[in-house]
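**Q** The structure under discussion is supplied below as structure tokens; questions concerning it will follow.
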Amino acid sequence: MIGVGVPEQHDGPVLCIAYNPFRREISTGSQDTMIKTWNSESGEFVRTLAEHKGWVTGLAFSPELKVLFSCSIDGRVLVWNKAECVQKEKVGNDKGSSEMAGGNVKGGPLHCMSWDAKRHSLVVGANGHIWVYAAIPEHEMNASARVIIKLQSILKDAHGGLGPENALVRGILSTVSGKL
């Protein structure tokens, strides 16, 4: 899926992947700042998603919400419904984020993400900490505001004492039982 001059292919290394079982699509994120999607059965190219300003480092699909989440070293979490970006969150810029973290957690590059189906939460790994976003229940969603996720808490990494540059959260896995 890497090539030069072919619109269906990435122009840089692929860094992450997610699968949408409902549409039978595979999405990949790359250093070229793009998310590309293909039909998993035919291999046919479906779409390119282009909103990130840096490498796309994490993708997660929520079967419950039927949306794709992406994160990037640009410090943003995006929520996608098919080909449309329906929400953008700049991590660390929320008014409540510094209050929850005691005022000392700043935004920065995001490295990975996982969907926690048991808690209906999006979990995002960064430098020395983990951001947890709660998904808004469908019956509470405001169609005009299109808010799907809201910052819930910040977990400090056990290695945070090493300094943010040495304590990167590089992978997150959410189990069926809701453990991270």
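The values are calculated or read from the model by the stated rules, or taken from the named source; none is laboratory data. Keep in mind that what you see is a predicted model, and the values were worked out from it rather than measured. FYI the Cβ positions are ideal-geometry reconstructions off the backbone, even for glycines, and counts take in every protein chain you see. Remember, those area values only see protein heavy atoms, side chains included, never the ligands or the DNA or RNA. Shrake-Rupley method; radii C 1.70, N 1.55, O 1.52, S 1.80 Å.
**Q** Would you confirm, using the coordinates I've provided, whether S42 is in contact (Cβ under 8 Å) with a residue 24 or more places away in the chain and among the small types (G, A, S)?
**A** Details: in contact (Cβ under 8 Å) with a residue 24 or more places away in the chain: no; among the small types (G, A, S): yes.
The answer is no for S42.
**Q** Identify, from the list L15, L68, L78, L49, the residue that is under 22 Å from G171 (Cβ atoms) and over 11 Å from the mean Cα position of the chain (by Cα).
**A** Numbers: L68 fails: over 11 Å from the mean Cα position of the chain (by Cα); L78 fails: over 11 Å from the mean Cα position of the chain (by Cα); L49 fails: under 22 Å from G171 (Cβ atoms).
None of the other options fit; the residue is L15.
**Q** Residue by residue through region 10-35, note down the ones that are within 26 Å of E64 (Cβ to Cβ) and in contact with an Asp or Glu (Cβ under 7 Å, 6 or more places away or on another chain).
**A** Scanning region 10-35 gives a single hit, R24.
**Q** Which of the residues belonging to region 10-19 are part of a strand (DSSP E or B), surrounded by fewer than 20 Cβ atoms within 10 Å (Cβ to Cβ) and touching a Phe, Trp or Tyr at 6+ places or on another chain (Cβ under 9 Å)?
**A** Y19 - this is the single residue of region 10-19 that is part of a strand (DSSP E or B), surrounded by fewer than 20 Cβ atoms within 10 Å (Cβ to Cβ) and touching a Phe, Trp or Tyr at 6+ places or on another chain (Cβ under 9 Å).
**Q** Kindly list the number of the only condition in (1) modelled with pLDDT under 95; (2) not in a strand (DSSP E or B) that fails for V86.
**A** (2)
**Q** Let me ask something else. Which of the following residues is open to solvent by less than 30 Å² (accessible area, probe 1.4 Å), modelled with pLDDT of 95 or more and under 26 Å from G128 (Cβ atoms): G54, G96?
**A** Numbers: G96 fails: modelled with pLDDT of 95 or more.
Selected residue: G54, the only one of G54, G96 that is open to solvent by less than 30 Å² (accessible area, probe 1.4 Å), modelled with pLDDT of 95 or more and under 26 Å from G128 (Cβ atoms).
**Q** Now a separate question. Within the bounds of region 107-119, is there any residue that is open to solvent by less than 30 Å² (accessible area, probe 1.4 Å) and at pLDDT below 75?
**A** no
**Q** Of everything in region 152-179 that's open to solvent by 70 Å² or more (accessible area, probe 1.4 Å) and part of a loop (DSSP other than H, G, I, E, B), which residue is modelled with the highest pLDDT?
**A** My answer is V176.
**Q** How many of the residues making up region 61-73 are open to solvent by 10 Å² or more (accessible area, probe 1.4 Å) and either aliphatic (A, V, I, L, M) or in contact with a Ser or Thr (Cβ under 8 Å, 6 or more places away or on another chain) (or both)?
**A** Taking region 61-73 as the starting set, the residues that turn out to be open to solvent by 10 Å² or more (accessible area, probe 1.4 Å) are 61, 63-66, 68, 73.
Adding the requirement that they be either aliphatic (A, V, I, L, M) or in contact with a Ser or Thr (Cβ under 8 Å, 6 or more places away or on another chain) (or both) leaves 61, 65, 68, 73.
Going through region 61-73 one residue at a time, the tally reaches 4.
**Q** Restricting attention to region 141-151, does a residue exist that is closer than 17 Å to P63 by Cβ, outside any loop (DSSP other than H, G, I, E, B) and either open to solvent by 50 Å² or more (accessible area, probe 1.4 Å) or at pLDDT 80 or above (or both)?
**A** The first filter runs over region 141-151 and keeps only residues closer than 17 Å to P63 by Cβ, leaving 141, 148-149.
With the extra rule that they be outside any loop (DSSP other than H, G, I, E, B), the set shrinks to 149.
Now restrict to residues that are either open to solvent by 50 Å² or more (accessible area, probe 1.4 Å) or at pLDDT 80 or above (or both): 149.
The answer is yes, given that some residue of region 141-151 is closer than 17 Å to P63 by Cβ, outside any loop (DSSP other than H, G, I, E, B) and either open to solvent by 50 Å² or more (accessible area, probe 1.4 Å) or at pLDDT 80 or above (or both).
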